[in-house]
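K.L.:
Provided herewith is a single structure, encoded as structure tokens, for subsequent inquiry.
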Amino acid sequence: PAAAMPLPVPTPRPAAAPSDEFLGALWRLQERIDQLEHENRRLTANVDQLQGAPAYRGRSSRFFQVSPLRNPALGGLGPVPGDYHAELAAHEQITDPHAAVPEGAGFVAGGCACADCAALQNDCYGTGAGGHGFGCEGVFEFSIDWLNWKANRNGLDFIITGDDANDAIGPGSLKFARPGRDNGLRLALFRRATSGWDFGLRYTEFDAQGRNSASDPDGVGNMTATRIHPTGAAIGDADITTAKTKYKLQYDLVDVEAGRWFGLGSPTAIRPFAAIRSARIDQDQHSRYSDTPGLDSGNLVFVRETANMSSVGLVIGSEAHWHVRGCFRAFGRAAAGLHVGTFDISNFQFEPDNIDDINVQVRADRRDVVMSYELAAGIGARVWDRRPAAVDLEIGYELHYWDNLADFIRFVDDANDGLNDRSTVSLGLDGLFGRIVITR
């Protein structure tokens with residue numbers, strides 16, 4: 001048989017270059033895969049953070065690594081301007097400046113979060129950042145506080161009441177003006193720079209009142225006034241049957257403050273601060289005494305005492321925020337101040353039935369150094385977040401204490417009409433506060 005003829009070997013054809021449409025489809029597919037991977041990492045970080053996983057306590061989930069297809073260092077084509085990865089790569093940053101920067105192309109190290117990708121954070125405040133901002137980017141912060149405080153002050157007595165008319169004084173009890181809880185207001189506007197420093201203005205306004213009265217219309221006991229000058233009044237202690245007093249406080253503070261947040265490792269941050277404080281503290285006590293059951297007839301004695309202070313001083317302190325879980329945090333604040341105060345104190349006593357006979361009219365000015373202390377603690381939560389704006393609510397307890405304030409002028413001797421008590425007093429304010437913070 002004839003030998004088999006060999007089959008012809010086909011000549012290999014050169015590989016066709018991928019078309020532009022194929023490359024475009026491949027590019028869009030990779031685009032979608034990368035988007036899904038990024039979304040999966042973000043959701044995983046949120047779940048871990050809600051479950052308290054420590055792996056996400058020290059840094060944000062907003063790490064980004066360019067895929068091999070896009071990374072020129074790994075033989076990829078590189079990012080295309082305007083696409084999803086190129087835009088994120090320009091913004092992705094590590095929010096904790098102390099965190100280690102992962103190795104590999106595509107990571108961008110930095111200490112501040114940009115506004116464009118702040119919504120990708122795995123918590124409500126920005127890991128390692130204090131206050132109410134988004135990471136470290138510059139923000140404006142406006143807050144309004146409702147204050148429900150009570151004034152506490154010694155030396156507001158006005159009468160001693162006794163049960164036995166035959167005794168000169170007592171046995172009985174010393175009665176005081178009793179301030180109750182009153183409402184106040186505090187406003188603040190701060191600007192936090194990208195460096196973490198902040199500066200702003202805070203205004204506090206609080207007014208308080210306290211009243212009390214005593215009567216012995218049948219004269220079965222005895223009443224001894226503690227505000228009337230020991231001599232010179234037409235009404236004596238044995239004749240007093242009705243007494244009434246009213247105390248008023250006006251408390252105004254203006255603080256020009258600057259501070260800086262420091263991360264102590266998630267979830268805690270502290271903010272040392274210093275402020276120049278201007279304070280105005282005005283105190284009045286008005287007392288009335290009568291020898292009849294009412295205060296609109298008979299012999300009357302009116303006593304008005306004032307002790308007003310204007311001061312300027314330096315306040316130094318620190319506050320801390322502790323991110324508890326999710327959108328909730330605890331906070332605290334402590335501060336102390338030293339102030340130079342100018343006091344205007346006076347005592348004015350007269351009898352309406354004999355207006356020409358003014359028993360006491362004394363006024364004095366003095367300067368002194370006073371000290372102030374503050375403590376506050378509470379909890380807060382972010383209730384609305386639409387970057388670049390957000391709203392926080394806070395509630396807490398606060399204490400203000402002032403020492404070495406000038407007291408009212410008190411005359412203490414009926415033999416030496418001008419002898420008076422040059423004492424000092426302390427003033428305390430404490431109570432609850434509620435706060436709304438708007439950040440933008």
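K.L.:
Six or more apart or on different chains, Cβ atoms under 6 Å: show the pairs whose first residue is in the range 280-301 and assigned to a strand (DSSP E or B) and whose second is modelled with pLDDT of 85 or more and of a type in the set (S, T, N, Q).
P.N.:
R280/S310; D282/Q250; D282/N308; D284/T306; S287/T245; S290/T242; L300/S290
K.L.:
Follow-up question, since we're still on this one. So, in the range 301-353, exactly how many residues are open to solvent by 30 Å² or more (accessible area, probe 1.4 Å) and either among the basic types (K, R) or in contact with a helix residue (DSSP H, G or I) (Cβ under 9 Å, 6 or more places away or on another chain) (or both)?
P.N.:
4
K.L.:
Output the residues belonging to the range 332-391 that are of a type in the set (S, T, N, Q) and outside any helix (DSSP H, G or I). Walk me through it before giving the result.
P.N.:
Initially, the range 332-391 is screened for residues of a type in the set (S, T, N, Q), giving 342, 346-347, 349, 354, 359, 361, 372.
Listed by number, the residues that qualify are T342, S346, N347, Q349, N359, Q361, S372.
Residue-by-condition table, conditions (1) more than 20 Å from the chain's Cα centre (by Cα); (2) open to solvent by 20 Å² or more (accessible area, probe 1.4 Å); (3) at pLDDT below 90:
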position	(1), (2), (3)
G380	no, no, no
D403	yes, yes, no
D407	yes, no, yes
G428	no, no, no
I438	no, yes, no
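K.L.:
Consider T241 against the criteria (1) in contact with an Asp or Glu (Cβ under 6 Å, 6 or more places away or on another chain); (2) at pLDDT 90 or above: it satisfies all of them except one. Which criterion is unmet?
P.N.:
Result: T241 fails condition (2) only.
Here is a yes/no grid of residues against (1) touching a strand residue (DSSP E or B) at 6+ places or on another chain (Cβ under 7 Å); (2) open to solvent by less than 70 Å² (accessible area, probe 1.4 Å); (3) under 17 Å from H400 (Cβ atoms); (4) in contact (Cβ under 8 Å) with a residue 60 or more places away in the chain:
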{"residue": "A177", "(1), (2), (3), (4)": "yes, yes, no, yes"}
{"residue": "N183", "(1), (2), (3), (4)": "yes, no, yes, no"}
{"residue": "T194", "(1), (2), (3), (4)": "no, no, no, yes"}
{"residue": "D198", "(1), (2), (3), (4)": "yes, yes, no, yes"}
{"residue": "Y203", "(1), (2), (3), (4)": "yes, no, yes, no"}
{"residue": "D207", "(1), (2), (3), (4)": "yes, yes, yes, no"}
{"residue": "R211", "(1), (2), (3), (4)": "yes, no, no, no"}
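K.L.:
For the range 181-215: of the residues being of a type in the set (G, A, S) and out of contact with any Lys or Arg (no Cβ under 7 Å at 6 or more places or on another chain), which is farthest from W261 (Cα to Cα)?
P.N.:
It comes out as S215.
The values are calculated or read from the model by the stated rules, or taken from the named source; none is laboratory data. In this text the structure is predicted, and so the values were computed from the model without any measurement. Ideal geometry is used to build each Cβ from the backbone, glycine not excepted, and the neighbour counts take in all protein chains shown. Only protein heavy atoms, including side chains, enter the accessible area calculation; ligands, DNA and RNA are left aside. Shrake-Rupley method; radii C 1.70, N 1.55, O 1.52, S 1.80 Å.
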